[in-house]
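Single-structure report; data block below.
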Amino acid sequence: MTKTSGKNTTTTPKKRKTTKPRRKKLSIEEMYPYNEFPYRLEYRDGNDNKVCYFQHKDHRTEHIKRHKLKKNQYFLDDKND
């Protein structure tokens, strides 16, 4: 008789998690409540959803670099597009 450890020796591949956050469908008025800030950044910080508004694209880019956000962690929106 052979002894077995009772453990399953086959391995199953791990499922990859999608890290891109989901978005709500919003109207233009809801997305841009401030006329002076046509650039929008939406990202998840821990358990909180953050929405930031900017006057210039450069300010938004600086914010992304400062917080070390990766491309799959945020959404960018431009009112003018």
Members of segment 25-81 that are assigned to a loop (DSSP other than H, G, I, E, B) and within 16 Å of the chain's Cα centre (by Cα) | K25, G46, N47, H67, K68, L69, K70
Would you confirm whether any residue within segment 48-55 is surrounded by 10 or more Cβ atoms within 10 Å (Cβ to Cβ), among the aliphatic types (A, V, I, L, M) and under 16 Å from R22 (Cβ atoms)?
-> yes
Report, by residue number, each residue of segment 17-50 that is at pLDDT below 85 and β-branched (V, I, T).
-> T18, T19
If we scan segment 51-59, do we find a residue that is modelled with pLDDT of 90 or more, hydroxyl-bearing (S, T, Y) and touching a Phe, Trp or Tyr at 6+ places or on another chain (Cβ under 6 Å)?
-> yes
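The values are calculated or read from the model by the stated rules, or taken from the named source; none is laboratory data. The model shown is predicted, which means the values in this text are computed figures rather than measured ones. All Cβ positions, even for glycine, are placed from backbone atoms using ideal geometry, and neighbour counts span all protein chains on display.
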